[in-house]
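Have a look at the structure below, then the notes.
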Amino acid sequence: MEDVISLEEYTHLSNIYFLAVSVVCFVLYLFFEFLFGFYVPCKSILIIDVAHCAFSVKVLGFRRSYASFLSCLIWLLMFRGLQGLMPSIRLYRRNRDLLAEHKAQMGKKAH
């Protein structure tokens, strides 16, 4: 006979797994600069997580969906952080390019 789990158990397990993945992604986001290009996938994952959270509340109820709420909060923090950080990164890159161009022009004038 097969080992069958109920929908509630499956939903709770998926919430826990998704929370673990969210925590790992958040730690990577905090400590590694290369994830600044993660804005568009983060938005998509946030939308998926909100839908998953709604499904979890429907299946498990409000109190037992804590892992899904935490996961949603983590992705929202990353999304909002990236949203605020993107203009700063654009300004930094533009200023870096302008400075390099200015140094190149000053080098030409010196010769």
Using a 10 Å cut-off on Cβ atoms, rank the peptides 84-93, 66-75, 21-30 from the highest mean neighbour count down. 66-75, 21-30, 84-93
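When the dipole is taken about the Cα centre of the chain, and only Lys, Arg (+1) and Asp, Glu (-1) are charged at their Cβ, what size is it in debye, to the nearest 20?
Numbers: 12 positive and 8 negative charges, 212 e Å.
That gives the chain a dipole magnitude of about 1020 debye.
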Which listed residue (Leu7, Trp75, Met86) has the Cα farthest towards the positive end of the charge dipole for the chain, taking +1 on Lys and Arg C-beta and -1 on Asp and Glu C-beta about the Cα centre? Met86
Could you tell me the relative contact order of the range 20-105? Use alpha-carbon pairs under 8 Å, at least six residues apart, and round to a whole percent. 36 percent
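Based on alpha-carbon positions alone, could you give the equivalent ellipsoid semi-axes of the range 7-83 from the gyration tensor, as √(5λ), descending, whole Å? Working shown, then result.
On the way: eigenvalues 118, 27, 16 Å².
With the √(5λ) rule applied to the range 7-83, the semi-axes are 24, 12, 9 Å.
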Need one number: nm distance between label points at Val40 and Val27, each 7 Å from Cα along Cα→Cβ, rounded to one decimal. 2.9 nm
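A short reminder: the numbers here are calculations on the coordinates, not readings from a lab. Bear in mind the structure is a predicted one, so any value in this text is a computation, not a measurement. Quick reminder, even Gly has a Cβ in these numbers, built from the backbone with ideal geometry, and neighbours come from all protein chains shown.
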